[in-house]
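To keep things clear, I will list the structure first and then write my remarks on it.
The values are calculated or read from the model by the stated rules, or taken from the named source; none is laboratory data. All values derive from a computational prediction rather than experimental measurement. In this analysis, Cβ positions are derived from the backbone assuming ideal geometry, glycine residues included, and neighbour counts consider all displayed protein chains.
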Amino acid sequence: MTDYELLSRMLSGELSRAEERDLKTRMKKEPQLAAAWEALHGLPDILAAMPEDEVPPELNAAVLAHRRVRQLSRALRLVPWALAAGVLLLVLGWPDAPSEPTAVLVEGRQIVDGEVMVLAGGVPVSIDGRAEISVEPLDGPLRDGSQEVNDMKLESIAAALVGAVVTVVVYEGSALINPGADAVALAAGETHTVGSPAPPSGPGDRPVTTRTSAEALASASRDELTDRVSELEAELASLTFEQQINRGRLSAHEGSPQEWPDDLPAAFEPEGIKEAVAASMARMEDAELVSIDCDEFPCFVTMESFAEGDDWSGSVELQRNIMTSEMDYEGEVSTSTWAHAHQTNDDIQKYVTFYVAPEDSITEEVSSRTKYRIESAIEDLVAENSVPDEADGE
Amino acid sequence: MAPLPDLSADTLRRAARGDARARRALVDRHGPMLYSICRRLSPEPEDCYQEIWEKVFRGLHRFDPSGPARLSSWLATIAHRHLIDRHRRRQVRGEAIPLGELSADTPQADTLMAARENHQRLEAALRRLPEGQRRVVVLHHINGMPLNKIAEQEGVAVGTIKSRLHRGRARLTQLLVREKTP
């Protein structure tokens, strides 16, 4: 525990008399400690007096009119992640359900949390809780993962909604498939599969092929999906950390090795990253450096965290932020962090992986490829450190 | 400035039924508190603010004005739950954290009022806390939420929340003292 934390505990009256006496004795000899106590002591009052913000009038107007602002920009921020997962996911306005954030899932599998309306393969699904939605297009993959989504027109997306088998598995709460006259209500633990309705005719850059029997395909998929659901339920029961829930399901797009940009600032070259990490490691109390992988652009850093509690990745993220702010670079920085927890027999390995790079150097392709590299590295690490259980003879 | 009066039970009932004027009164009265929470604790404050109000309007009929809970506490609890939900989703996905605000070390102009300067420095320091610690510090010290209530919402032991609070306050103090040191 740091001196600052001891001071904070003293402020809350959580130290024993002896501990408090020792700390006060030290404060008389250490001006820095006394200054810290002075700052900390006044902190609650200053925090309590923090003024409230004025709400932008247009925001209140939107709230009262039940319309959402800034939806599309958020959608575009999700795209790199969605592409990396092999999933095309866009957040769009939905005229019939203005009160709920709406996502469009064209293909792939997605865990949904909270109160969300999803247009899954053309089928509207309203989720209130936690559910998994999968969409399997009848005509095979729709598009290459590296395609620029930003350039796709909405008409093209609509045209891409050509027949699909949609499965909804409710883990918590409830779901309503196809709200309206033919609605199917699902409770926790229930699964439902539907073939999607025929697509609307309209403009699009994808030729519409003859559809095979939707029912037959739906039936075949139902068996596969039932098996898959059983696997997932077993997996869910054994997982301790939520981070693991999606990990196995979001298969990363492998992509192709990335070249180092010609104009990359020195701070982001392998030597620059290694120096910055070395400096921040000196401040790191509850994590150890595992590796810095600079085989391709960008370098990514893997640390093993020994912190307890559910915020175990927090201190690494904090150091990463400080490290980035100290780098010799004035421009915008793009960074992303992954937290991985893996439980072995009686041990939990916790890894935090991140990269930092100039913002304009992280294209969707780079983002996708980096995610694949990181997932692979973590899988290797976990496999390397998994000690077979001798009692089981494995 | 004197605190604004609480809204009447009748206003809340009308707001729950969708009365536009009553909802306007509710948004005017409590919007600044919710927006402040979103700005301090969410990477997407505008979305956060709108989503919380959507939840409030949907659940307002469940709030009992004659019950023991104050409306502001009930609203803060909804905001807290919403933030936890969003935080968990971002953790799973791998969050891209905007770093534009990290350059908040710029010294404040001497002419600023001391209190305002304190607030600005604190806001900058708050932004540098890990999300879990920041949530506890903001909700407890700024919004007055008891630690056991925060623990209940987060689904963790009170000891964990206290630990986050101490680490958060320690980090804030460290940043503030460092800023003062020439």
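Numbers for the structure displayed
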| quantity | calculated |
| --- | --- |
| Filter result for A:E317 (surrounded by fewer than 17 Cβ atoms within 10 Å (Cβ to Cβ), at the interface with chain B (Cβ under 10 Å from one of its Cβ atoms) and either modelled with pLDDT of 80 or more or under 18 Å from A:R283 (Cβ atoms) (or both)) | no |
| Pair list, Cβ < 6 Å and 6+ apart or interchain, from the stretch A:367-380 residues that are within 12 Å of another protein chain (Cβ to nearest Cβ) to residues that are among the β-branched types (V, I, T) | A:I374/A:T353 |
| Residue match in the stretch B:113-120 (condition: farther than 24 Å from A:T353 by Cβ, out of contact with any Cys (no Cβ under 7 Å at 6 or more places or on another chain), modelled with pLDDT under 90 and outside any helix (DSSP H, G or I)) | yes |
| Boolean, B:R70 is basic (K, R), within 22 Å of B:I150 (Cα to Cα) and within 10 Å of chain A (Cβ to nearest Cβ) | no |
| Residue list for the stretch B:21-50, filter: more than 7 Å from every other protein chain (Cβ to nearest Cβ), in a helix (DSSP H, G or I) and in contact with a helix residue (DSSP H, G or I) (Cβ under 7 Å, 6 or more places away or on another chain) | B:A22, B:A25, B:L26, B:H30, B:L34, B:I37, B:C38, B:R40, B:L41, B:P45, B:C48 |
| Selection count, the stretch B:132-157, where residues are among the charged types (D, E, K, R) and within 15 Å of B:L75 (Cβ to Cβ) | 1 |
| Any hit, the stretch A:376-393, residues being in contact with a Gly (Cβ under 7 Å, 6 or more places away or on another chain) and at pLDDT 80 or above | no |
| Residue under evaluation B:R81, criteria (1) under 20 Å from B:H141 (Cβ atoms); (2) in a loop (DSSP other than H, G, I, E, B), criterion not met | (2) |
| Condition met for A:L6 (modelled with pLDDT of 90 or more, within 13 Å of chain B (Cβ to nearest Cβ), out of contact with any His (no Cβ under 6 Å at 6 or more places or on another chain) and part of a helix (DSSP H, G or I)) | yes |
| Selection count where residues are assigned to a loop (DSSP other than H, G, I, E, B) and exposed (fewer than 15 other Cβ atoms within 10 Å of the Cβ), scope the stretch A:287-314 | 3 |
| Residue list for the stretch B:142-158, restricted to those being modelled with pLDDT under 90, at the interface with chain A (Cβ under 9 Å from one of its Cβ atoms) and part of a helix (DSSP H, G or I) | B:E154 |
| Check on B:E51, surrounded by 21 or more Cβ atoms within 10 Å (Cβ to Cβ) and out of contact with any Leu (no Cβ under 9 Å at 6 or more places or on another chain) | yes |
| Count of residues meeting criterion [more than 7 Å from chain B (Cβ to nearest Cβ), charged (D, E, K, R) and within 27 Å of B:R121 (Cβ to Cβ)] in the stretch A:29-63 | 3 |
